[in-house]
1. Against the longest alpha carbon principal axis of the chain, how many degrees, from 0 to 90 and to the nearest 10, is the axis of helix 320-329 turned?
2. Roughly how big is the chain's charge dipole about its Cα centre, with Cβ charges of +1 (Lys, Arg) and -1 (Asp, Glu), in debye to the nearest 20?
3. Once both labels are modelled 7 Å past Cα along the beta-carbon direction, what's the residue 119-residue 219 spacing in nm?
4. Want the number for residue 88 to residue 251: 0.36 nm per residue separation, take away the alpha-carbon distance, what's left?
5. According to the Kirkwood expression over distinct Cα-Cα pairs, how big is the hydrodynamic radius of the range 177-341, in Å?
6. Tell me the label-point distance for the pair residue 126, residue 270, using the 7 Å Cα-to-Cβ offset, in nm and rounded to one decimal.
7. Contact order normalised by length for the chain, with contacts defined as Cα pairs under 8 Å and 6 or more residues apart; what percent is it?
8. Under the √(5λ) rule applied to the eigenvalues of the Cα gyration tensor, what semi-axes describe the equivalent ellipsoid of the chain? Give them in Å, descending.
Amino acid sequence: MHKVLEVLQKKELTIIGCMSGTSLDGLDIALCHVSQSEKNKNITLHRFKTQQYSKVQKEKLQKIVFQKYVNFEELTRLHRLVGEWHAQMILSALKEWQLTSGQIDLIASHGQTAYHAPDPGHGLHSTLQIGDGDIIALRTGILTISDFRQKHIAGGGEGAPLAPYGDYLLLAHEQESRWLLNIGGIANLTYLPPRDSGQSLWASDCGPGNTLLDATTRHFLQQDYDASGCLARKGHFLPDLFDALTAHPFFQQAFPKSTGQESFSWQWLAALIEGKRYAVQDILHTLCCFTAWGIAQAICRQPQYKAQKIYVSGGGVHNHFLMEKLQEYLPHHVIQSTEVLGIPPDAKEAMLFALLGYECLQGKPAGYPPPLIQVRLGKISLPE
């Protein structure tokens, strides 16, 4: 445990935060310096890159993750394989940045979600992230923290969304209330009251983000995504498809709640469009409207929260057509990228896990406003 004790004595830690989301595009790697001042956590992003999954890696993941029925042997092997992939991606990034493992205090690894299963009826929430933290620690020689979502469930949560922890630590303001919106594969929202106001924080998933859009372009066009929403912009709105999409039972559930590709899957969408002669651009256009609608209705159903500014992160911020539709649904809100607050939108979630890794070892979780779970999240894997 001498390595842990050595890290605990440092005033500032150099942490690599890693995030691989539901879009399955690759591993986001954020090199951060994190420290604690009298009142606040301080984080500085020094390097960032997204290491893309190879075609073979994507195929292995798509065969297993978000699938209700899988080959258990393949899932078990993939748990190790993802750990090996992520370790090599981290080492490759360090080499590119001309750094050694000895210069890094900690890796905070989210892993790759294999399945997320909230249970609103009975509260028997469960979730599974693969990418063995022990493999990462041994291959890199760096103390590693992983399995953040399991501890969240053990503490009484659903395992998602975890974004509010980072949103509060990174972006809570002294006077201004804010909406923080992350549009990854799934879209999630955090309401941040002014810091030290005594008001409660609110957070929830609000529906699909990019997942159905990306699945559509992969299926019909063999493209990973619709860059900037250019194809969607050329399409037309399909009222009958929109009505079918918005009838999903998720939208009748009470907030806060969580969801994933298990609910909003390509198979679900394919069943809705089967037998229809929809043009691809019309499907994409309608899906952008659907994603924007899901976000807007989540905000509008919380009238007690008066924040007029929405700061957006995640890959969805680059879909200009989607952002325009969101502004149409929320005409009285100011919608901007988190870039204006000094947080690159693509790096925010990886930075979040760097913070959670710091919290696991040195943090003071009692400083979180309600209703965040008052436990340190994560499991420690030693490098020796």
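1. Taking Cα atoms only, the helix is inclined about 70 degrees.
2. On the way: 34 positive and 36 negative charges, 43 e Å.
Roughly 200 debye for the chain.
3. 3.0 nm
4. 54.7 nm
5. Working: mean 1/r = 0.0619 Å⁻¹.
Kirkwood hydrodynamic radius for the range 177-341: 16.1 Å.
6. 2.5 nm
7. Values: 783 pairs, mean separation 81.4, N = 384.
The normalised contact order for the chain reaches 21 percent.
8. Values: eigenvalues 208, 126, 72 Å².
Gyration-tensor ellipsoid for the chain: 32, 25, 19 Å.
Laboratory data are not the source of any read-out in this text; all were calculated from the coordinates shown. Quantities reported herein were computed from a predicted structural model and do not represent experimental measurements. Cβ coordinates were reconstructed from backbone atoms using ideal geometry, including for glycine residues, and neighbour counts include every protein chain displayed.
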